1. Residues of the range 230-253 with the amide nitrogen closer than 13 Å to a label point 7 Å from the Cα of residue 196, along Cα-to-Cβ, please.
2. Give, in nm to one decimal, the length gained when the segment between residue 235 and residue 2 is fully stretched (0.36 nm per residue of separation minus the Cα-Cα distance).
3. In what sequence do 111, 261 fall when counting other Cβ within 10 Å, fewest first?
4. Relative contact order of the range 5-70: what whole-number percent is it, with Cα pairs under 8 angstrom and at least 6 residues apart?
5. Applying a 10 Å radius around every beta-carbon, put 218-228, 83-93 in order of their mean neighbour count, most first.
6. Cα convex hull of the range 5-70: how many Å³ per residue?
7. Test of understanding: what is the full-extension gain from residue 268 to residue 80, defined as 0.36 nm times their sequence separation minus their Cα-Cα distance?
8. Can you give me the relative contact order of the range 146-287 as a percent, contacts being Cα pairs under 8 Å and 6 or more apart?
Ligand SMILES: C[S@@+](CC[C@H](N)C(=O)[O-])C[C@H]1O[C@@H](n2cnc3c(N)ncnc32)[C@H](O)[C@@H]1O
């Protein structure tokens, strides 16, 4: 079934309204490939009727299938590797140090915004478990959200095919945190219990979400127009604690948003800290503070030079940085996990 120019412009408008995702006539092939199967499944005669029915919102199954069809959910464990190293060797040790003297020294709040089928938040949970040996005595929560119900269904089941688990997950971590079942590789309870999945549209107000120590919002803003991207990152800044870190996708450079964001560099990765008024208190979330304990936090990181390399779109670094971070999670984990002295 061919799409008319009028169908295309009405569909693009609808997709934009529902998700912020930008489609245009140049994507006609993609639009047809994604939406023609819906016509057959739901017995809808043409694209005009599809648009009207989705817009009316009376058929929840159709609307859900439409959202699933328009979203691109490509993801993998430890995607791009270097952001996870930057988190492990720089951002997180600094965040934990910054919180050490506060009543929230053992509380960590992460948000994987646009988590797709769960590989990103589970990678974060694995990283945290590997870094913090006594994590069960910490108050840690990873909120994982996405617009697409199909993605969230897979994510909350947490079973991955051989192929999916082979993408980014080392055999060592797979053996440690997954169990082979007839359905596939089941992520362990120890990892699952750190992650809470919720359906959320990033276009909608975040309400009382936050403050987060770390937000991963990667490979979703690329689908939005410039204004929506800026608005999204502005709102994300408000969800971060003052010491917090935002990780965007490798092609999502926040330098164009000026003073709002302070880029931080680690090896090949860039993450961002919000430039906020100094008056903002550290992580005064509503949740109950975890009483400070005698646990001594030791940074796992040998000193890594900071802020010398700009983001990919920026000017070339004047001085090449020496890579002192130890082994990555993918290849076999940092040599020194963040182990409490009491746990030894
Ligand atoms: C390419 S995946 C990225 C997944 C993961 N962050 C990563 O980098 O591997 C993009 C995800 O964004 C989600 N998404 C698209 N528009 C969204 C919106 N308006 N609100 C929330 N999630 C959205 C899609 O459902 C999809 O799962």
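Since every read-out is calculated from the coordinates, none of them should be taken as a lab result. Just so it is clear, the structure is predicted and the values come from calculations on it, not from any experiment. Counting neighbours? That spans all protein chains shown, and the Cβs are built from the backbone with ideal geometry, glycine included.
1. none
2. Contour length minus the Cα-Cα distance gives 80.0 nm.
3. 261, 111
4. Numbers: 44 pairs, mean separation 21.4, N = 66.
Computed over the range 5-70, the figure is 32 percent.
5. 83-93, 218-228
6. On the way: hull volume 4.9 nm³, N = 66.
Cα-based convex hull of the range 5-70, divided per residue, equals 74 Å³.
7. 66.7 nm
8. 19
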